[in-house]
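A.B. asks: One structure is given below, represented as structure tokens, and several questions about it will come after.
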Amino acid sequence: MASQLETTGTLERRLTISVNPADISSKVQERLRSMAKTTRMPGFRPGKVPVRLVEQSYGPQVRAEALGDAISRAFGDAVQEHGLRVAGQPDIAPTEAQKDAAEPTEFTATFEVYPEVKLGDPSALEVDRYTASVDDKALESTIDVLRKQRTTWKAVRRGGKKGDRATIDFTGKLDGEAFNGGSAEDFPMVLGEGRMLPDFEAGVLGKKTGETVTFDVKFPDDYGAEHLAGKTAQFEVTVKKVEGPELPEVDAEFAKQMGQEDGDVEKFRADVRSNLEREVRQRVQSRTKTAVMDKIVGLADIELPKALVEQEAESLAARMREDLAARGLDMRKAPPVPTDAFNEQATRRVRLGLIVSEVVRENALQAKPEQIRKQIEEFASTYENPAEVVRWYFSDRDRLAEVEALVVEQNVVDWLLSKAKVTDHEVGFDELMKGLA
């Protein structure tokens, strides 16, 4: 059917479309006849209900569905006819001339289209690239972390020092009265870890098994418990046990505990180095990718379809609600998550998505099958049975799509790094791996 296109804004368009009443009536009768074969009504056998009775009960609903389908088809045909890329859902309404008609057949569809993205010169961008290496010091530091995770404790007769574990009973009082949460028995604390308030650790430090001491503890002004914030409490502490740490030796037994079945210490060290190098590579790639994506948005200045930004903001709000529910929050009692709080993030994500899509299209950066397989094999290499993991990925289209998206992102990163002005930054191992222990 013929349609008329109007440009009503930079990205807004309006289509006037019409539907054929005869086609709608034909579809209505077809559906009613089909329903009559399965509809049940008192006094009639199944499949014997007259079509006119079915129409009396379900006619308006069926007619509305047929009209909706006809409008949808007409809109789709018009979009294809005019070569439009529709962003978001159209707002469809009867035309002014048809608003009072019993059965309107002419409608307007108002919607936005995707903007034309004209990429600028990538050589004008300045991008940071990050590198890092795994040296012997980093290897030994990581092995020490693994040893500390398997610390055993042995009783000592001296006073507790930093790194020791003290098991204590304590009672805290404010103005001579015990307060909630201020008492415990057989409470273990590792001295020097900073998990207790500084005054409390200082009071226990240096004390031997069997000693009982009393000292003051000043709570910070911003302490989480309001009844304690800014106040000074008196604690009585009895040290029941002081133990020193004993770390395992890096020997055959330790290597076996870490998964090296034959206990070969050198193979164990090689495995740790290999895992570290993989982790370091992934982390610097992630940093570099973030740096690239922060800069690539400068390749084009485009107006964004409001519908896409609204959809993305709603999607981010929905994820937030799901995350809060997963953490145990009763969302029926919680305040609503405002969608507009995500507008800035949504705007950036939509802009980035449109520009990256154009970079991929214009430079043929789509993921190649061999790239996808290589990425999957790299994921699989960390598992005991890599071949099974590869099969697992290739057996599901959604999982393959996720890997494909990662490969495309890396293609975009590599492309911009080959075009832009790149500044390399060496990241220290400790800084890069912060939080790993």
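Only the coordinates and a few stated rules stand behind these numbers; no lab work does. What you see is a predicted model, and the numbers here were worked out from it, not measured in a lab. Note: ideal-geometry Cβ built from the backbone for every residue, glycine included; neighbour counts use all protein chains shown.
A.B. asks: Of a type in the set (Lys, Arg) and surrounded by 13 or more Cβ atoms within 10 Å (Cβ to Cβ): which single residue out of 162, 173, 154 fits that description?
C.D. replies: Unique residue meeting the criteria: 173.
A.B. asks: Okay, next question. Which one of these does residue 41 not meet: (1) loosely packed, with under 13 Cβ neighbours inside 10 Å; (2) free of Cβ contacts under 8 Å to residues at least 24 places away in the same chain; (3) farther than 30 Å from residue 301 by Cβ?
C.D. replies: The single condition residue 41 does not satisfy is (1).
A.B. asks: Can residue 390 be described as among the β-branched types (Val, Ile, Thr), in contact with a helix residue (DSSP H, G or I) (Cβ under 8 Å, 6 or more places away or on another chain) and in contact (Cβ under 8 Å) with a residue 24 or more places away in the chain? Spell out how you get there, then give the answer.
C.D. replies: Details: among the β-branched types (Val, Ile, Thr): yes; in contact with a helix residue (DSSP H, G or I) (Cβ under 8 Å, 6 or more places away or on another chain): yes; in contact (Cβ under 8 Å) with a residue 24 or more places away in the chain: no.
No; evaluated as a whole, the condition is false for this residue.
A.B. asks: State the number of residues belonging to the range 118-154 that are more than 26 Å from residue 434 (Cα to Cα), out of contact with any Lys or Arg (no Cβ under 9 Å at 6 or more places or on another chain) and not small (Gly, Ala, Ser).
C.D. replies: Here the count works out to 3.
A.B. asks: Restricting the range 180-230 to residues that are among the acidic types (Asp, Glu) and within 13 Å of residue 169 (Cα to Cα), which is surrounded by the fewest Cβ atoms within 10 Å (Cβ to Cβ)?
C.D. replies: We begin by selecting, within the range 180-230, every residue among the acidic types (Asp, Glu); these are 185-186, 193, 199, 201, 211, 216, 221-222, 226.
Checking which are within 13 Å of residue 169 (Cα to Cα) leaves us with 185-186, 211.
Values: 185: 11, 186: 9, 211: 16.
Checked the range 180-230; the qualifying residue surrounded by the fewest Cβ atoms within 10 Å (Cβ to Cβ) is 186.
One line per residue, one yes/no per condition, for (1) over 34 Å from the mean Cα position of the chain (by Cα); (2) surrounded by fewer than 15 Cβ atoms within 10 Å (Cβ to Cβ); (3) more than 30 Å from residue 162 (Cα to Cα):
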{"position": "242", "(1), (2), (3)": "yes, no, no"}
{"position": "253", "(1), (2), (3)": "yes, yes, no"}
{"position": "257", "(1), (2), (3)": "no, yes, no"}
{"position": "261", "(1), (2), (3)": "yes, yes, yes"}
{"position": "275", "(1), (2), (3)": "no, yes, yes"}
{"position": "281", "(1), (2), (3)": "no, yes, yes"}
{"position": "288", "(1), (2), (3)": "no, no, yes"}
{"position": "295", "(1), (2), (3)": "no, no, yes"}
